[in-house]
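First comes the structure, then the notes that go with it.
The values are calculated or read from the model by the stated rules, or taken from the named source; none is laboratory data. The shown structure was predicted, so the numbers you read here are calculated from the model rather than taken from an experiment. All Cβ positions, glycine included, derive from the backbone under ideal geometry; neighbour counts span all protein chains shown.
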Amino acid sequence: MNIPLGMSLPHRSPDPIDMTAVREVAQRAEALGFRDLWVTENAVDHVYSFDPAVVLTYAAAVTTKIRLGVAVSVLPIRNPIHVAHQVATLDYVSNGRAILGVGLGRNHHYAEFQIPTERRVRRFKEGVELIKALWTEPKVTYRGDFYKLDAGTMVLKPVQKPHPPIWLGGDHPDAVRRAVTVADGWMGSGGSSTETFSRCVPILRAELEKAGRDPATYPISKRVFMSVHERADVARDELNRWFTTVYRNPAGTDASGIHGTADQVRERLEKLVALGANHLLLNPVCRYAEQVEALAALVAS
């Protein structure tokens, strides 16, 4: 499979997560040639979930080359100054390996953090603008509807120039189009179906071409919640438990996830590539270290 592949760190699970597995996945994914490591952001959660900045910093400390991303941070519920500083610090301590994925999130995120949903797209766009300014300008004066800053300085700058890549998540057509104007890549969520992904890619490609950007060099990704096992029924049961418990959506097991033997999984991943993915984020939901090895073997064969 001749495209870059990402690997999910163990970070969100119905069961307690062993930090040994986090370290093993990070180090083996790097050794096996995966491009990047990813986590999600879920602060108020009904299952075990890590803070992305903390676990990515840990991963940075036990690796040397592999890139480190969050997909996605729900930007309108966070102060962009904090996000800018956090990601600049991650980029600095990892020597230029950070990726920031951002999205609008869902209504419950706004309720949890007492942030109004009104004009959230405007809040989101201002957040991205302010983050980029703090990463690239010596002194920032910003006048938005939601955020204002007078001659603010963030001396610590990211290692990556002009700044760490920003990827956008979300499968609403407006979000897909927005990715072209504000972001450096787009990722379909793990909870969205293959059918949804197939509808999003043509919209994204058309918008990229309209903007004079090359779809071949713009990351078009899909997170894939998955399980691979020599027994297809075991793989499906593992993924079904995860979707039922974590997403509370057992239908996602077949509509969004990928499960089965190595051959079955390879065939389904190749379908996503045929639909236009030029990057895949593989997200095993259990037996993490074991599945990293299995996935590396199947995509190399």
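Structure summary
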| quantity | calculated |
| --- | --- |
| Residues that are assigned to a loop (DSSP other than H, G, I, E, B) and of a type in the set (A, V, I, L, M, F, W, C), drawn from segment 255-301 | Leu275, Ala277, Val285, Cys286 |
| Selection from segment 10-49 of residues that are in contact with a helix residue (DSSP H, G or I) (Cβ under 6 Å, 6 or more places away or on another chain), hydrophobic (A, V, I, L, M, F, W, C) and without any contact (Cβ under 8 Å) to a residue 60 or more places away in the chain | Ala26, Leu37, Val39 |
| Only one of Val44, Val70 that is hydrophobic (A, V, I, L, M, F, W, C) and surrounded by fewer than 24 Cβ atoms within 10 Å (Cβ to Cβ) | Val44 |
| Some residue of segment 77-90 being within 22 Å of Leu280 (Cα to Cα), touching a Gly at 6+ places or on another chain (Cβ under 6 Å) and not in a loop (DSSP other than H, G, I, E, B) | no |
| Filtered residues of segment 94-128 (kept if part of a helix (DSSP H, G or I), crowded, with 16+ Cβ neighbours inside 10 Å and without any contact (Cβ under 8 Å) to a residue 40 or more places away in the chain) | His109, Tyr110 |
| Test: residue in segment 23-34 that is at pLDDT 95 or above, surrounded by 15 or more Cβ atoms within 10 Å (Cβ to Cβ) and assigned to a loop (DSSP other than H, G, I, E, B) | yes |
| Those strands (runs of 3 or more DSSP E) lying entirely in segment 151-228 with at least 1 residues over 17 Å from the mean Cα position of the chain (by Cα) and not acidic (Asp, Glu) | 220-228 |
